[in-house]
Amino acid sequence: MRTAPFIVWFADIDTHEASTFSQAGHHIGKLTQAGFPLFPGFIITTAAYHAYLKQNKLEHKIKHLLSTVNFKRPESIYQITNHIKHHFMDTPLSHELITDLKKYYEKFEDTSLALGAFSRSKQPHKYNTHTVEDFEQLQTTIKDAWANHFDANLLASRHEQAHDHINTPVELHVYPLVTPQRKGTIHTIDPHSHAKDRLVITVHHPYTTDTYTLSKKTLMVLERSLSHHDKTPKLDLEMLFAIGELGRQLENHLYFPQVAQWSIIGDEVYLIHTKPITTLPKVEKVSKRKPVSTRGVAITPTIGTGSVKIVTNDQELQQIKDHDVVVLKSIKKAQLPYLKNVRGIISETNHKHSEVSAHIRQLGIPALFNVKDATKHFKNGHIITIHGGKGEIHKGGHH
């Protein structure tokens with residue numbers, strides 16, 4: 001007999017026990033209950049995930065495979081990841097889950113869906129989002145998303161932190177995949193001057209962005225910067241006011257300045273995601289007496305000082321210390337778990353628009369890419385400072 005539901009509408013999340021859902025799921029429920037304009041959708045809960053593992057005796061199989069991993073060898077981790085994925089993809093969903101799933105899918109069967117996965121753990125994690133076109137693909141995508149919980153990077157990270165691989169469950173969010181007329185972000189404080197009386201709305205175009213600065217009190221447009229060729233505003237005042245009001249309500253409801261993603265569908269503004277701006281960056285000054293040693297493409301606007309550690313193979317990854325600035329020819333996804341605590345990262349390759357870059361930015365590690373001949377220019381043990389805001393590397397420390 002079930003102790004928790006397998007599937008729950010976003011709008012009903014708040015009526016169930018909070019511990020049933022991830023932080024992301026509970027957050028969606030609270031915002032929906034408060035009347036914020038989110039897309040309708042549903043969650044496939046961790047209860048469904050656990051039932052799937054138990055009914056198909058996958059826990060034992062996965063534990064056996066994990067017992068054979070050599071976590072010091074990335075290729076060993078990838079090999080086990082592939083074996084685990086095959087187990088998931090070869091094992092069908094239960095009749096009980098499929099029956100429930102059909103009832104929820106009927107509401108959206110005329111539109112494409114997006115499926116995203118979130119972990120329920122002390123360190124929540126957002127996985128990739130999948131596109132779903134029909135009911136058969138939805139079933140396959142559910143298994144694929146659960147299998148991705150055993151991605152090589154996640155396995156390495158959980159092993160390093162001594163977290164349980166099996167009992168770190170994952171929930172799936174399913175919602176309509178709609179192409180918006182406009183999309184962008186709103187900061188409820190100015191992200192540059194940190195002025196708390198301003199709202200900054202950014203409109204994203206394929207290759208450019210437009211920016212509008214509004215008074216938080218009156219929603220009056222104070223400044224605008226239009227980057228497209230015809231210089232014609234792509235948002236009318238009514239839409240600007242609607243987005244500005246959404247930002248004000250979010251900050252009032254959540255008690256913190258927010259950065260939120262929004263989309264416009266038809267004549268409606270929808271909230272896609274919001275998170276608090278809990279810290280403001282401290283700008284550290286690099287001594288003007290320190291000459292610039294070399295330059296690169298800045299990835300994070302932070303500063304870090306440490307001892308050079310040149311890495312040319314996976315064995316040298318094991319020797320990295322927290323006080324190191326790691327220098328590599330290029331960075332692989334499998335290497336990221338070993339780099340998350342270092343003082344800085346320098347790469348000869350430009351990964352600026354890659355998953356590697358996004359992960360490093362999320363961690364806030366000072367990093368420069370496209371630094372020519374970095375592995376030859378620097379010497380192990382030398383002290384250097386990365387100035388992420390300026391894209392510069394200085395010899396010695398900073399003041």
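Only the coordinates and a few stated rules stand behind these numbers; no lab work does. Just so we're clear, the structure is a prediction, and the values are computed from it rather than from any experiment. When we count neighbours, we look across all protein chains shown, and the Cβ atoms used for this are built from the backbone with ideal geometry, even at glycine.
For the chain, the 222 nm mean residue ellipticity estimated from helices alone, with every DSSP H stretch of n ≥ 4 adding -39500 (n - 2.57) and the total spread over all residues, rounds to -8500 deg cm²/dmol.
With loop membership from DSSP and a limit of 14 other Cβ atoms within 10 Å, the longest segment of the chain without GluC sites (Glu not before Pro) is 134-283.
A Cβ-based charge dipole, computed about the Cα centre of segment 292-395 with Lys and Arg at +1 and Asp and Glu at -1, lands at about 160 debye.
Over the chain, what is the mean sequence separation of C-alpha contacts under 8 Å (at least six apart), divided by residue count, expressed as relative contact order in percent? Walk me through the intermediate numbers first.
On the way: 730 pairs, mean separation 49.0, N = 399.
After rounding, I find 12 percent.
Note on the chain: with charges restricted to the Cβ of Lys and Arg (+1) and Asp and Glu (-1), its dipole about the Cα centre is near 2120 debye.
List the trypsin sites (Lys or Arg not before Pro) in segment 114-218 that DSSP assigns to loop (not H, G, I, E or B) and whose Cβ has at most 16 other Cβ atoms within 10 Å. Which are they? Numbers along the way, then the final one.
Details: sites: Arg120, Lys122, Lys126, Lys143, Arg158, Arg182, Lys183, Lys196, Arg198, Lys216, Lys217; in loops: Arg120, Lys122, Lys196, Lys216, Lys217.
Qualifying residues, ordered by number: Lys122, Lys196, Lys217.
What is the extension gain from Thr375 to His194, computed as 0.36 nm multiplied by their sequence separation minus the C-alpha to C-alpha distance, in nm to one decimal?
Values: separation 181, 0.36 × 181 = 65.16 nm, distance 3.79 nm.
Stretched fully, the Thr375-His194 segment lengthens by 61.4 nm.
If you take the alpha carbon atoms of segment 292-395 and fit the smallest convex hull around them, that volume is 77 Å³ per residue.
With 30 Å as the limit, write out which pairs from Lys107/Lys234; Lys234/Lys390; Lys30/Lys183; Lys275/Lys372; Lys63/Lys275 have Cα-Cα distances beyond it, or answer none. Intermediate results must be reported in sequence, preceding the final value.
Values: Lys107/Lys234 33 Å; Lys234/Lys390 32 Å; Lys30/Lys183 23 Å; Lys275/Lys372 37 Å; Lys63/Lys275 35 Å.
The pairs that break the limit, which is 30 Å between Cα atoms, are Lys107/Lys234; Lys234/Lys390; Lys275/Lys372; Lys63/Lys275.
Quote the relative contact order of segment 182-276 in percent (integer), defining contacts as alpha-carbon pairs under 8 Å separated by 6+ residues. If you can, show how the numbers build up before the last one.
On the way: 174 pairs, mean separation 26.3, N = 95.
Relative CO of segment 182-276 lands at 28 percent.
In this label model, Arg73 and Thr211 are separated by 5.0 nm, measuring between points 7 Å along each Cα→Cβ vector.
Which shape class applies to segment 101-224: rounded if a/c is under 1.5, otherwise prolate when a/b exceeds b/c and oblate if not, where a ≥ b ≥ c are the square roots of the Cα gyration tensor eigenvalues? Intermediate results must be reported in sequence, preceding the final value.
Values: a/c = 2.96, a/b = 1.54, b/c = 1.93.
Judged from the Cα gyration tensor, segment 101-224 comes out oblate (a/c at least 1.5, b/c at or above a/b).
How high is the FRET efficiency between Lys57 and Ile383 when r is their beta carbon distance and R₀ equals 51 Å, given to the nearest 0.05? Efficiency at R0 = 51 Å is approximately 0.40. The mean sequence distance of close C-alpha pairs (under 8 Å, at least 6 residues apart), as a share of the length of segment 292-395, puts its relative contact order at 42 percent.
Among (1) 1.10; (2) 1.20; (3) 1.26, which one is Cα Rg over 2.2 N^0.38 Å computed from these coordinates? So the calculated entry is the one marked (1).
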